[in-house]
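What follows is a short report on a single structure.
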Amino acid sequence: MIILKTLEEIELISRASQIVAECQKILIRELKPGMTTLDLDVLTETCIRDLGGIPAFKGYRNYPKSLCASLNNEVVHGIPSRRVLKDGDIIGLDVGAIVEGFYGDGAVTVSVGEVQPSIRKLIQVTHEALSKGLEQAVVGKRLSDISAAIQAHVEQHGFSVVRDFVGHGIGRQLHEEPQVPNYGKPGQGPRLKPGMALAIEPMVNMGGAGVKVLDDGWTAVTSDGSLSAHFEHTIAIEPAGPPRILTACN
Ligand code: MF3
Ligand code: CO
């Protein structure tokens, strides 16, 4: 069942999402070669708590940290560790916060220092794919219109969309119905309604779509070792017009 949110509930998801956005801004500003992903995790938790939120990921199904930090060939759910960032890496920064029982969830992928044009392209196309999905997130469209728009943009540029992880409804739970795949035929699934809150999150591989989860039980990496990028926004479907992008930086 898809739980529609009241305006008051959307407001709480928005507050949680704004904490996510603020933390991401700080992470992007502070990130530099020589730091560890654990340093970034400490920054994330401090930032979330300073802004009055609770880290959403820590303890979620026993996930140990506040940040998912996915480096290079890691797709999602990279666990912060003593690994050191170096010039030319790319890193996905996925942050979740809870405010008064409601979740916000967002991810960005950025480069550490300079990266080759082909890698910048991967990041840019993934970011654009999220925007293409958001364009479809309007009342009266169907859920898979979002999915299809994301997939089309990614494949137009010769990259692959990950199938094994999907976006999701969000609210009092981090993961609610519906699942939001980043692939599929348009015109299928439930119609989008005002009050739906969704986390839309394309994960895009430079090589094949395959992924596998490492023995730590979390870190998802590309099967072929190729690079991967991930962007995510928490949004609310509006009564008319484009969605409210709750994790956007204000
Ligand atoms: N954005 C990710 C998701 O929606 C973050 C979950 S990490 C977890 O699945 F540790 F909380 F699972
Ligand atoms: Co998510």
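General remarks:
- Failed condition for Ala148, given (1) open to solvent by 70 Å² or more (accessible area, probe 1.4 Å); (2) touching a residue at least 24 places away in the same chain (Cβ under 8 Å): (1)
- Count of the range 160-178 residues, restricted to those that are under 16 Å from Lys141 (Cβ atoms) and open to solvent by 40 Å² or more (accessible area, probe 1.4 Å), is 0.
- Within the range 201-250, tally of residues that are within 25 Å of Ser160 (Cβ to Cβ), aliphatic (A, V, I, L, M) and within 16 Å of ligand 1 (Cβ to nearest atom): 9
- Scanning the range 16-42 for residues that are aliphatic (A, V, I, L, M), without any contact (Cβ under 8 Å) to a residue 24 or more places away in the chain and closer than 15 Å to Leu85 by Cβ returns a single hit, Val42.
- Only one entry in Gly78, Gly92, Gly104 is within 16 Å of ligand 2 (Cβ to nearest atom) and over 22 Å from Leu214 (Cβ atoms), namely Gly104.
- Yes/no for Glu201 being within 16 Å of ligand 2 (Cβ to nearest atom), modelled with pLDDT of 95 or more and under 24 Å from Val110 (Cα atoms): yes
Residue-by-condition table, conditions (1) under 15 Å from the mean Cα position of the chain (by Cα); (2) within 30 Å of Asp87 (Cα to Cα):
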position: Gly113; (1), (2): no, yes
position: Ser131; (1), (2): yes, yes
position: Leu134; (1), (2): yes, no
position: Val138; (1), (2): no, no
position: Leu143; (1), (2): no, no
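- Number of positions in the range 179-213 that are within 11 Å of Ser144 (Cβ to Cβ) and either free of Cβ contacts under 8 Å to residues at least 40 places away in the same chain or open to solvent by less than 10 Å² (accessible area, probe 1.4 Å) (or both): 6
- Within the range 16-38, not a single residue is away from ligand 2 (no atom under 16 Å from the Cβ), surrounded by 15 or more Cβ atoms within 10 Å (Cβ to Cβ) and small (Gly, Ala, Ser).
- Out of Ala97, Ala56, Ala69, Ala21, one residue alone is touching a Gly at 6+ places or on another chain (Cβ under 9 Å), more than 30 Å from Asp215 (Cβ to Cβ) and not basic (Lys, Arg). It is Ala21.
- Residue match in the range 71-91 (condition: more than 20 Å from Asn205 (Cα to Cα), touching a Pro at 6+ places or on another chain (Cβ under 6 Å) and within 16 Å of ligand 1 (Cβ to nearest atom)): no
- Residue match in the range 137-152 (condition: within 13 Å of ligand 1 (Cβ to nearest atom) and of a type in the set (D, E, K, R)): no
- Condition met for Val180 (within 16 Å of ligand 2 (Cβ to nearest atom) and modelled with pLDDT of 95 or more): yes
- The number of residues in the range 122-131 being open to solvent by 80 Å² or more (accessible area, probe 1.4 Å) and over 23 Å from Cys23 (Cβ atoms) comes to 0.
The values are calculated or read from the model by the stated rules, or taken from the named source; none is laboratory data. Predicted, not measured: the structure shown is a model, and the values here were computed from it. Note that each Cβ is placed from the backbone with ideal geometry, even for glycine, and that neighbours are counted across all protein chains shown. For the accessible areas, the whole protein counts, side chains as well, though only heavy atoms, and no ligand, DNA or RNA atoms are used. Shrake-Rupley method; radii C 1.70, N 1.55, O 1.52, S 1.80 Å.
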